[in-house]
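Worksheet: one structure, shown below.
The values are calculated or read from the model by the stated rules, or taken from the named source; none is laboratory data. This one's a predicted model, so the numbers in the text were calculated from it and none came from an experiment. So basically every Cβ, Gly included, is an ideal-geometry build from the backbone, and we count neighbours across all protein chains shown.
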Amino acid sequence: NAGVTQTPKFQVLKTGQSMTLQCAQDMNHNSMYWYRQDPGMGLRLIYYSASEGTTDKGEVPNGYNVSRLNKREFSLRLESAAPSQTSVYFCASSVRFYPTNTGELFFGEGSRLTVL
Amino acid sequence: GNSVTQMEGPVTLSEEAFLTINCTYTATGYPSLFWYVQYPGEGLQLLLKATKADDKGSNKGFEATYRKETTSFHLEKGSVQVSDSAVYFCALTQAGTALIFGKGTTLSVSS
């Protein structure tokens, strides 16, 4: 079972370059999320999509854009990468958004991004 | 706003030792509480949850009790194994909000 698949797993960028992180889930989930994980900071929500056709900002949205391409796919774009965006990025999905969601998120394996 | 505070790590234990990882929260109303675990090189996965006061979540020998009077959800295990070495995250959610995670606590168990 694939679950949540993220690509690429590793990427090195130069400051100012752009890139898109791809995420796809095969569990027919309605809601999808992008988090970043930094040492000593835990996971912080960047953007989420409660349902197909909607996206909303999370805690740290600056410097990012997202697209909910369809029910399966949710991409994260860095238009002009900065060293502060060096992080591990996780995509996640859930059956529904809160409050009806059970709270269980299914995570991908992460994408490690380094911006020089 | 809502927040989660976990004990600082790393926590280093010998196999078969007792584990406690403290978690306290700040929230209005009645949040649902969770523990997630992240094994090396993997994404997070749900370990256990509790949705109302005095509920006890349990899984794989781990337990946590939702204590509203102390706003806590401490994770415990009676006898840890090397395979429990991971990062543990406490999290909460309330109606209409996405999951909020604590900063994580790294557990290292040696044989």
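Taking the range B:28-53 on its own, how many of its residues are more than 20 Å from A:Leu105 (Cα to Cα) and either small (Gly, Ala, Ser) or in contact with a strand residue (DSSP E or B) (Cβ under 7 Å, 6 or more places away or on another chain) (or both)?
Number of matching residues: 2.
Can you name the residue in the range A:71-101 that is assigned to a loop (DSSP other than H, G, I, E, B) and at pLDDT below 95 and is also farthest from the other protein chains (Cβ to nearest Cβ) among such residues?
Looking at residues that are assigned to a loop (DSSP other than H, G, I, E, B) and at pLDDT below 95, I get A:Glu79.
Confirm whether B:Leu19 is within 10 Å of the chain's Cα centre (by Cα), touching a residue at least 40 places away in the same chain (Cβ under 8 Å) and crowded, with 18+ Cβ neighbours inside 10 Å.
In short, no.
Could we say that B:Gly57 is part of a strand (DSSP E or B) and not hydroxyl-bearing (Ser, Thr, Tyr) here?
The answer is yes for B:Gly57.
Does at least one position in the range A:26-42 carry a residue that is farther than 22 Å from B:Asn2 by Cα, assigned to a loop (DSSP other than H, G, I, E, B), polar (S, T, N, Q) and touching a strand residue (DSSP E or B) at 6+ places or on another chain (Cβ under 9 Å)?
Checked against the condition, which is being farther than 22 Å from B:Asn2 by Cα, assigned to a loop (DSSP other than H, G, I, E, B), polar (S, T, N, Q) and touching a strand residue (DSSP E or B) at 6+ places or on another chain (Cβ under 9 Å), the range A:26-42 yields at least one hit.
Among the listed residues B:Ser108, B:Ser3, which satisfies the condition of being surrounded by fewer than 19 Cβ atoms within 10 Å (Cβ to Cβ), under 24 Å from A:Tyr47 (Cβ atoms) and touching a strand residue (DSSP E or B) at 6+ places or on another chain (Cβ under 6 Å)?
The conditions single out B:Ser3.
Condition first: in contact with an Asp or Glu (Cβ under 8 Å, 6 or more places away or on another chain), in a loop (DSSP other than H, G, I, E, B) and within 8 Å of another protein chain (Cβ to nearest Cβ). Can you find one or more residues in the range B:35-42 that meet it?
For the range B:35-42, residues in contact with an Asp or Glu (Cβ under 8 Å, 6 or more places away or on another chain), in a loop (DSSP other than H, G, I, E, B) and within 8 Å of another protein chain (Cβ to nearest Cβ): present.
Can you find, within the range A:74-92, the residue that is nearest to A:Cys23 (Cα to Cα) among those that are surrounded by fewer than 16 Cβ atoms within 10 Å (Cβ to Cβ) and not polar (S, T, N, Q)?
Restricting to residues being surrounded by fewer than 16 Cβ atoms within 10 Å (Cβ to Cβ) and not polar (S, T, N, Q), the top hit is A:Arg77.
What is the residue count in the range B:43-60 for residues that are away from chain A (no Cβ under 11 Å) and within 21 Å of B:Ser108 (Cα to Cα)?
3
Within the range B:8-27, identify whether any single residue is within 24 Å of A:Ser31 (Cα to Cα), among the small types (Gly, Ala, Ser) and either touching an Asp or Glu at 6+ places or on another chain (Cβ under 9 Å) or more than 10 Å from chain A (Cβ to nearest Cβ) (or both), and answer yes or no.
yes
Let me spell it out: the conditions are (1) surrounded by 16 or more Cβ atoms within 10 Å (Cβ to Cβ); (2) at pLDDT 95 or above, and A:Gly63 meets all of them except one. Which number is the exception?
(1)
Report the residue count in the range B:67-105 for those that are of a type in the set (Ser, Thr, Tyr), within 14 Å of chain A (Cβ to nearest Cβ) and more than 11 Å from the chain's Cα centre (by Cα).
Selection size over the range B:67-105: 2.
Taking into account only those residues within the range B:22-50 that are in contact (Cβ under 8 Å) with a residue 60 or more places away in the chain and surrounded by fewer than 18 Cβ atoms within 10 Å (Cβ to Cβ), which is nearest to the chain's Cα centre (by Cα)?
Once the filter is applied, the top-ranked residue is B:Tyr30.
If the requirement is being under 14 Å from B:Tyr30 (Cα atoms), not in a loop (DSSP other than H, G, I, E, B) and not acidic (Asp, Glu), which of these qualifies: B:Leu107, B:Leu92?
One residue alone meets the criteria, B:Leu92.
Can A:Glu104 be described as touching a Lys or Arg at 6+ places or on another chain (Cβ under 6 Å) and either part of a loop (DSSP other than H, G, I, E, B) or away from every other protein chain (no Cβ under 11 Å) (or both)?
no
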